[in-house]
Amino acid sequence: MTDAFADRADDYPLVSLVDRYGRADLPLLLVAMTSTFVSIFLSLADVYLIGLGIDALFNDQPFALPLLPQSVVPTGTIDLLVFVTALVVATGIVSHSLSFVGEYCFGLYTQRFLHEVRTGAFSTVVGFDLSFFDEHRTGNVISALNDDVNQLDTFFNKLVEASIWAVTTIVSAFVYMGLLNVQLALFVLLSAPVLAGLNHWFSRQVEPVQDDIRTERGGLNALLETALGGLDVIKANTAEADESRRLADASREYTDARLANRRLSIRQAPLNRLVAGLWLLFVVAIGVQWITVGPPLFFSGTLTAGELVPFLFYLERMTPPLKNLGGLINGYKGAKAAAKRVGGLAAREGRTGGQDGAAVDLDAPDVSFEGVSFAYPGTDQRVIDGVDLDIAPGSTVGIVGTTGAGKSTLLDLLLRYHDPDEGRIAVQGRDLADIAPEPYREQVGYVDQDSFLFDGTVRENVAAGAPGGDASDEAVREAARVAGADEFVRDLPDGYDTELGAQGTTLSGGQRQRLAIARAVVGDPELLLFDEATSHVDTETERVVQEHLADITADRTTFVVAHRLSTVRHADQLVVLEDGVVTESGTHEELVEKGGSYAKLWNVQVGAVAAAGD
Ligand SMILES: Nc1ncnc2c1ncn2[C@@H]1O[C@H](COP(=O)(O)OP(=O)(O)OP(=O)(O)O)[C@@H](O)[C@H]1O
């Protein structure tokens, strides 16, 4: 499966992500890294100091510590013992203090950075054209914003520190070994190309596997999201077993990707340990022969027990980081794959939202479609085909037509969710493509087919329709009254403070629609777009809502999409769409008189109403 987000990422996705979201706090990161580095280096000093002390006390060697003037080193045995002990304690205290500073700064940096990633990536995604979501499954996007950001969380919270610990421990141990015996240290260095080659090979194997894991997880999430969103339909079609099977297939693919990763990583640690163990064995053999018989092979000079014992200790200290190297590389590749997706999302273009463009102060605008044609991205079928319309200021237009005729798409174009492929739409004489989308949309009231409600209270849901979500309690109540919602809202457990949405009270389809209408009108919009806004309410409630709305729509330009023709029969103008083409237009009376497709539809519906009433 190809990953459509990651393809926009560059070669260094983690660095790019830090550059994009974590630049402001880079000094904090620098302090964190320096403190951790120095802290680990000092934490390894004790054995070196003790080794020097042993040689000074028992082998008549000078206590020669780099950068320490000999004048401050005491000569008496007891004084030297106290001096060495004081040095060990002092380095321990400094090391622990710096470790505290390092951890604190790391924690702070990581949390601030991840907050920026989370909010920044979300803001980017909500700014995308809707066509982005036509091309990408929502579950996959959620997976990038949630799973991948959590993966980055684990990486920055645990693995970055662990990597610094591993690298610093290896480098520091090597420096101490060099101070103890340069020749033996260089011999240990011979293992580096073997280890580097081995781990480089593993890391190249791991990267595509980690990419697969992220992609499969995104697919799994997308499937879960769709299935749980349509649980009622699944049950109605007794499709539970089919859906479970589809989920099992997706889960199996995800499991296979994880297992491939596991197989790689369990081979890496033992091989690293084997190389480290072999070198330890070589050094022990060389060291023992050196001390007892004399320098073996190409070695020369002297080696004391006070040097060999700390040397072996440092060599041993290199083993745990080497053992963990596989896990660290794996974690790094996982974070890189996550950063590719998050960074790839952020790097995408294609936004028709925003403030760019001319500011227009709408006043019951006239609207015209001039030869407008449109096909959804990735398709070549025109769903709007050469549409010409002239809508007078402040009039109400009813858009009717069969399912899939392009009615909702016409409203989407008017909201500038998409730009026409051909022709232009003019609102109040201005080309819509030149108008700044956000300020424009603030002056448009829109009720979608699904009556989407936000996670929040009734009050917040209605107020969201006003610019900046800023509407007085009085305005919210008035909008609810106009939409025929005030009465049932007052009967809810907490009235206007009742929580709705995912965690809140469940409303009927008709109640949701009435709240969506309240939200559309609360901001006093000059252009109103209703897409099947009253399809779920009974005819009597619809009549009441329409009476209330009459005042509001009277002096605003209003588009009403409806299947139920009685909803739009009083519109100033009716437009009939068929396969994206306007086939008829006029008032209800004119179209009935004309006897075309509208008249047929009307007769069917009147007949259906009459039949239902019988
Ligand atoms: N996001 C999309 N990507 C591709 N094609 C789409 C998309 N949305 C709608 N279409 C197609 O465009 C055509 C018009 O759809 P639209 O929703 O505008 O019709 P409609 O008249 O509002 O239908 P309905 O009355 O069922 O709501 C349909 O053929 C539909 O399949």
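If I fit a long axis through the Cα atoms of helix 26-43 and take the longest principal axis of the Cα atoms of the chain, what angle between them do I get, 0 to 90°, rounded to 10?
30 degrees
If I stretch the segment between D421 and R490 completely, what's the gain in nm (0.36 nm per residue apart, minus their alpha carbon distance), one decimal?
Here the segment from D421 to R490 would lengthen by 20.2 nm.
With viscosity set to 0.692 mPa s at 37 °C, what whole-number translational diffusion coefficient in µm²/s follows for region 456-523 from Stokes-Einstein and a Kirkwood radius over Cα pairs?
Diffusion coefficient, whole number: 289 µm²/s.
Run the helix sum for the chain: -39,500 (n - 2.57) per DSSP H stretch of 4+ residues, divided by residue count, reported at 222 nm to the nearest 500 deg cm²/dmol.
Calculated at 222 nm, the ellipticity per residue is -19500 deg cm²/dmol.
Amide H of T558 versus every other amide H placed in the peptide plane: which residues, excluding those fewer than 5 positions away on the same chain, fall under 5 Å?
S395, T396, V397, L528
In 20 Å bins starting at zero, report the fraction of Cα pairs in region 6-346 per bin as a rounded %.
Cα pair-distance distribution for region 6-346, in percent: 24, 44, 23, 8, 1.
What FRET efficiency comes out for the pair D19/F452, r = Cβ-Cβ distance, R0 = 22 Å, nearest 0.05?
After rounding to 0.05, the efficiency reads 0.05.
Express the relative contact order of region 456-523 as a whole percentage, based on alpha carbon pairs under 8 Å and six or more residues apart in sequence.
This gives 52 percent for region 456-523.
Can you tell me the relative contact order of region 328-423? Whole percent, Cα pairs under 8 Å, sequence separation 6 or more.
It comes to 26 percent, rounded to a whole number.
How far, in degrees from 0 to 90, does helix 319-346 lean away from the longest principal axis of the Cα atoms of the chain, to the nearest 10?
With both axes taken from Cα atoms, the answer is about 20 degrees.
Note down the nm distance, to one decimal, between modelled labels 7 Å out along Cα→Cβ at I78 and at A90.
2.1 nm
Can you pull out the trypsin sites (Lys or Arg not before Pro) in region 304-386 whose DSSP state is coil and whose Cβ has at most 15 other Cβ atoms within 10 Å?
In loop regions of region 304-386 (DSSP not H, G, I, E or B), the sparsely surrounded trypsin sites (Lys or Arg not before Pro) are R351.
Show me the ranking of peptides 577-583, 527-533, 142-148 by mean Cβ neighbours inside 10 Å, starting with the highest.
The most tightly packed comes first, giving 527-533, 142-148, 577-583.
Quick one: Karplus J couplings for region 385-397, per residue in order, coefficients 6.51, -1.76, 1.60, θ = phi - 60°, nearest Hz, x for Gly and Pro?
Going residue by residue, I get 10, x, 7, 10, 9, 10, 10, 6, x, x, 8, 10, 10 Hz, with x marking Gly and Pro.
About its Cα centre, what dipole magnitude does the chain give when the only charges are +1 on Lys and Arg Cβ and -1 on Asp and Glu Cβ, stated in debye to the nearest 20?
Rounded to the nearest 20 debye, it is 3840 debye.
For the chain, take the longest principal axis of its alpha carbons; what is the angle in degrees between that and the long axis of helix 539-554, to the nearest 10 within 0 to 90?
Result, in degrees: 90.
Can you give me the distance in nm between label points at A392 and A550, each placed 7 Å from the Cα along the Cα-to-Cβ direction?
The two pseudo-label positions are separated by 1.9 nm.
Return the inverse of the average 1/r over all pairs of distinct C-alpha atoms in the chain, which is the Kirkwood hydrodynamic radius, in Å to one decimal.
30.3 Å
Can you list the residues, at least 5 places off or on another chain, whose amide H is less than 5 Å from the amide H of V383, using H built in the peptide plane?
Under 5 Å from the amide H of V383: F374, A375, Y376.
Pairs of Cα atoms under 8 Å, at least six residues apart: use those to get the relative contact order of region 6-346, whole percent.
Once divided by the residue count of region 6-346, the mean separation gives 32 percent.
What nm value, rounded to one decimal, do you get for the distance between A64 and S244 when each label is placed 7 Å out toward the C-beta?
Going from the A64 label point to the S244 one covers 7.7 nm.
Just to verify a number: FRET efficiency for A364 and H115, C-beta to C-beta distance, R0 = 35 Å, to 0.05?
E(calc), rounded to 0.05, equals 0.20.
Taking H placed 1.01 Å from N in the peptide plane, check which residues at least 5 places from G230 or on another chain put their amide H under 5 Å from its amide H.
The answer is none.
When the Karplus curve 6.51 cos²θ - 1.76 cosθ + 1.60 is applied with θ = phi - 60°, which whole-Hz ³J(HN,Hα) does each residue of region 100-109 get, with x for Gly and Pro?
Karplus values, whole Hz, x for Gly and Pro: 4, 4, x, 5, 4, 5, 4, x, 4, 4.
Sort region 192-289 into rounded, prolate or oblate with this rule: let a ≥ b ≥ c be the square roots of the eigenvalues of the Cα gyration tensor; rounded if a/c is under 1.5, and if a/c is not under 1.5, prolate when a/b is larger than b/c, oblate otherwise.
Here region 192-289 falls in the prolate category.
Using R₀ = 30 Å, calculate the FRET efficiency as 1/(1 + (r/R₀)^6) where r is the Cβ-Cβ separation of L130 and A599; round to 0.05.
0.30
Towards the positive end of the charge dipole of the chain, with charges on Cβ (+1 Lys, Arg; -1 Asp, Glu), say which of A339, T541, A269 has the farthest Cα.
Most positive-ward Cα: A269.
Taken together, the values in this text are just the output of simple stated rules run on the coordinates, not laboratory data. Owing to the predicted nature of the structure, the values given are computational and were not obtained by experimental measurement. Every residue, glycine as well, gets a Cβ built from its backbone with ideal geometry; the counts of neighbours run over all protein chains shown.
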